[in-house]
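Student: Input: one structure, supplied below.
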Amino acid sequence: MIARIRTHAKRYWPLIKSLQTGLLLFTGVAGFVSGRCPYLEAATMLGLLGSLFLAISGSTVLNMVYDRDIDSMMERTCLRPLPAGTVSTGEAVIMGSIMSSAGVVWAVLMAPLYGAVVLAGFLFDVVVYTMILKRRTAWSVVWGGIAGGMPVLAGRVLAVGTIDWVGMALSLAVLFWIPTHILTFSLRHKEDYAQAGVPTFPSRYGEHRTQRIIAFSAILAALAMSISAIGIGLTWGYLRVLLVLSAGLFTFALSSMVRPSAKLNFGLFKYASIYMLGSMLIFAVQGF
């Protein structure tokens, strides 16, 4: 029985993109504890983690179902479970539908507004970004960024009971961070995207302009994160660490704007990822 469970888990686990899901889940926790919520009991935290994990994972699985044809054309993605044939389309549809539905319903039962934000994240990700825009315009990345910013906003909403400007600033920080990830991959795998017929910024605006867009987006992410920190009321010790991290990201991004290059761009991508994780960790520690 245990061996069978392990076998199935090994087949299905890659469908949820665990690293991406884990980071988005962590932003949701950071958004929640940023509200210094007075009811940090186990049941509420379990509900937050469970509902977000199911909703995020379910939407990721459904995205893989919809993109299975273009994934099969790209060297970077051709070994994913659906194009490789290790999981059938029907299995993935059932899995993604159950997980996403359960996550949204769980969230609504916890708090209607929280559930509405979780549902919005699902719709932006699966319907607007993947189904409608991804194959039509390079600017779909903006809508993907909006979807990526929903977990942290949802966590903040669950804590404070409303959509406030701090939650919006946190969501914008993630939105502006997303291009450092997606556009960097579109640069490194531009032949793959061209073969699959997916429009990208490098194919439309060129490599150097795309690298400058990534850098400018990173600067906006640092500004939004710093504003969020002030709104949350970080103590001076934590705020100082965040400002140092933000200054590093700003300097890195500015260098990439002045002298765009593949090496600088990839370095900025790695630093921006560390920056996002570190910033959310600071918010979480401060909140606890």
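Student: For LYS17, LYS134, LYS270, LYS263, give the ranking by accessible area with the largest first, probe 1.4 Å. Can you show the working numbers first?
Tutor: Details: LYS17 70, LYS134 35, LYS270 105, LYS263 180 Å².
I get LYS263, LYS270, LYS17, LYS134, largest accessible area first.
Student: Enumerate the helices in the chain for which the Kyte-Doolittle hydropathy averages -1.0 or more and the C-alpha atoms extend at least 30 Å along the helix's axis, using complete DSSP H runs.
Tutor: 42-66, 89-110, 165-188, 207-232, 236-258, 262-287
Student: Quick one: compute the contact order of the chain, relative version, from alpha carbon pairs under 8 angstrom and 6+ residues apart, as a percent.
Tutor: It comes to 21 percent, rounded to a whole number.
Student: Report the FRET efficiency, 1/(1 + (r/R0)^6), for ALA247 and ALA116, where r is their Cβ-Cβ distance and R0 is 35 Å, rounded to 0.05.
Tutor: 0.45
Student: Oh, and also: Among 274-283, 47-56, how do they line up from the highest to the lowest mean number of other beta-carbon atoms within 10 Å?
Tutor: Working: 274-283: 20.5, 47-56: 23.2.
The most tightly packed comes first, giving 47-56, 274-283.
Student: With the contact rule set at Cα under 8 Å and sequence spacing of 6 or more, what percent relative contact order holds for segment 114-265?
Tutor: Computed over segment 114-265, the figure is 22 percent.
Student: Suppose R0 equals 41 Å; then what is the FRET efficiency for THR235 and MET131 from their Cβ-Cβ distance, rounded to the nearest 0.05?
Tutor: 0.40
Student: With viscosity set to 1.306 mPa s at 10 °C, what whole-number translational diffusion coefficient in µm²/s follows for the chain from Stokes-Einstein and a Kirkwood radius over Cα pairs?
Tutor: Here the translational diffusion coefficient equals 82 µm²/s.
Student: Between GLU207 and ARG11, what is the spin-label point distance in nm, taking each point 7 Å from the Cα along the Cα→C-beta axis?
Tutor: 4.2
Student: Heavy-atom accessible area per residue, segment 103-262, 1.4 Å probe: how many Å²?
Tutor: Each residue of segment 103-262 exposes 44 Å² on average to a 1.4 Å probe.
Student: Could you look at the chain and say what percent of its accessible area is carbon and sulfur, using a 1.4 Å probe and all protein chains? Spell out each step's value before the answer.
Tutor: Working: 9320 of 13300 Å².
The C+S portion of the solvent-accessible surface of the chain is 70 percent.
Student: Which of the peptides 183-189, 170-176 is most tightly packed, and how do the rest follow, judged by the mean count of other Cβ atoms within 10 Å per residue?
Tutor: Ranked from most to least packed, the peptides come out as 170-176, 183-189.
Student: Same structure, new question: Once both labels are modelled 7 Å past Cα along the beta-carbon direction, what's the ARG188-LEU19 spacing in nm?
Tutor: Between ARG188 and LEU19, the label points sit 0.8 nm apart.
Student: Could you give log10 I(q)/I(0) at q = 0.10, 0.18, 0.21 Å⁻¹ for segment 28-143, computed by the Debye formula over C-alpha point scatterers of equal weight, without solvent?
Tutor: -0.36, -0.94, -1.12
Student: So what is the 222 nm mean residue ellipticity for the chain from helices alone, if each DSSP H run of at least 4 adds -39500 (n - 2.57) and you divide by all residues, rounding to the nearest 500 deg cm²/dmol?
Tutor: -25500 deg cm²/dmol
Student: While we're on this one: Which residues in segment 195-238 place their backbone N less than 13 Å from a point set 7 Å from the Cα of ALA262 along the Cα-to-Cβ direction?
Tutor: Within reach of a label on ALA262, which here means backbone N under 13 Å from a point 7 Å along Cα→Cβ, segment 195-238 contributes 207-208.
The values are calculated or read from the model by the stated rules, or taken from the named source; none is laboratory data. Being a predicted model, the structure only gives us computed values, none of them experimental. Every residue, glycine among them, receives a Cβ derived from its backbone with ideal geometry; neighbour counts consider all protein chains shown. When the accessible area is computed, the model is the full protein with side chains, heavy atoms only, and any ligands, DNA or RNA have been set aside. Shrake-Rupley method; radii C 1.70, N 1.55, O 1.52, S 1.80 Å.
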